[in-house]
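First up is the structure itself, then whatever we jot down about it.
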Amino acid sequence: MAEKEIERLYVVPLRRVKYSVTSRAAQRAVKEVRAFVTKHMKVEPDKVWIDSSVNNALWARGKYKIPSRIRIRAVKFDDGVVEVSLPEVEFKSFREELKTIKEEKKPILKPKGEEVEEEGETEEKEEGAEEVTEEEVAVEGEEVKEEETKVPEEEKIEKESEKKEEETEKEVEEKEKPQEKEEKSKVTDEKQTDEKESVQEEPAKEEKKSEEEKKQDAEK
């Protein structure tokens, strides 16, 4: 682990940035802090690590209104890296945080011994799965055959039921036909009787009329 070499406190003036283009004030303030630290700690800009506390302080009032100055703590390590943070915040090296994050993460690549063991386990699992799949295929084939045998039986039952329904309908129609014929014959007989009665009544009426006319003539 890299050890501390220099630790200093600085007050970075930002008045020059404040009176420049206001729409990019906060971004330019961050660049100004980086340039100030590189100048006074005599390092390259890539070696300056700015903590989130400093960034939040510069962006606290938005990107248009930045503070006119900011007080920072710069810690230089023996490998040339400078970590910048606020003096009010307890100093925690960003490297230690990175180490904890890396430890929490599970490695993607595994050692060779573990890979060989996992390959053997996977092969065993695949063999067992193949055996199971063969048994499942056989069971599925039997189920398919049973279903195929069931389907024609169901079709036969449906056809028989349809035939029975047709036969019952025919029987009902045959029964209804003689009844209709009887009813029609009755109706025709009634019409014929009515016509005969009407024909017989007409000459009787004419005779009555003629007799009445004769009586009237005799009285006159």
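The values are calculated or read from the model by the stated rules, or taken from the named source; none is laboratory data. Remember, it's a predicted structure, so these values are computed and weren't measured experimentally. Cβ atoms come from the backbone with ideal geometry, glycine included; neighbour counts cover every protein chain shown.
Descriptive notes on the structure:
- Of all residues making up the range 40-57, the number that are of a type outside the set (Gly, Ala, Ser) and surrounded by fewer than 16 Cβ atoms within 10 Å (Cβ to Cβ): 7
- In the range 66-81, the residues that are farther than 24 Å from Asp46 by Cβ and hydroxyl-bearing (Ser, Thr, Tyr) reach residues that are at pLDDT below 90 and surrounded by 14 or more Cβ atoms within 10 Å (Cβ to Cβ) with C-beta atoms within less than 9 angstrom, at least six apart or across chains, in these pairs: Ser68/Lys18.
- Among the residues making up the range 3-30, a single one is without any contact (Cβ under 8 Å) to a residue 12 or more places away in the chain and under 27 Å from Phe91 (Cα atoms): Arg28.
- Test result for Lys63, among the basic types (Lys, Arg), buried (at least 16 other Cβ atoms within 10 Å of the Cβ), more than 16 Å from Ser93 (Cβ to Cβ) and at pLDDT below 90: no
- Residue-level check: of (1) hydrophobic (A, V, I, L, M, F, W, C); (2) modelled with pLDDT under 90; (3) surrounded by 14 or more Cβ atoms within 10 Å (Cβ to Cβ), Val21 misses just (3).
- Single residue of the range 24-39 satisfying the filter (surrounded by 15 or more Cβ atoms within 10 Å (Cβ to Cβ) and among the charged types (D, E, K, R)) that is farthest from Ile66 (Cα to Cα): Arg34
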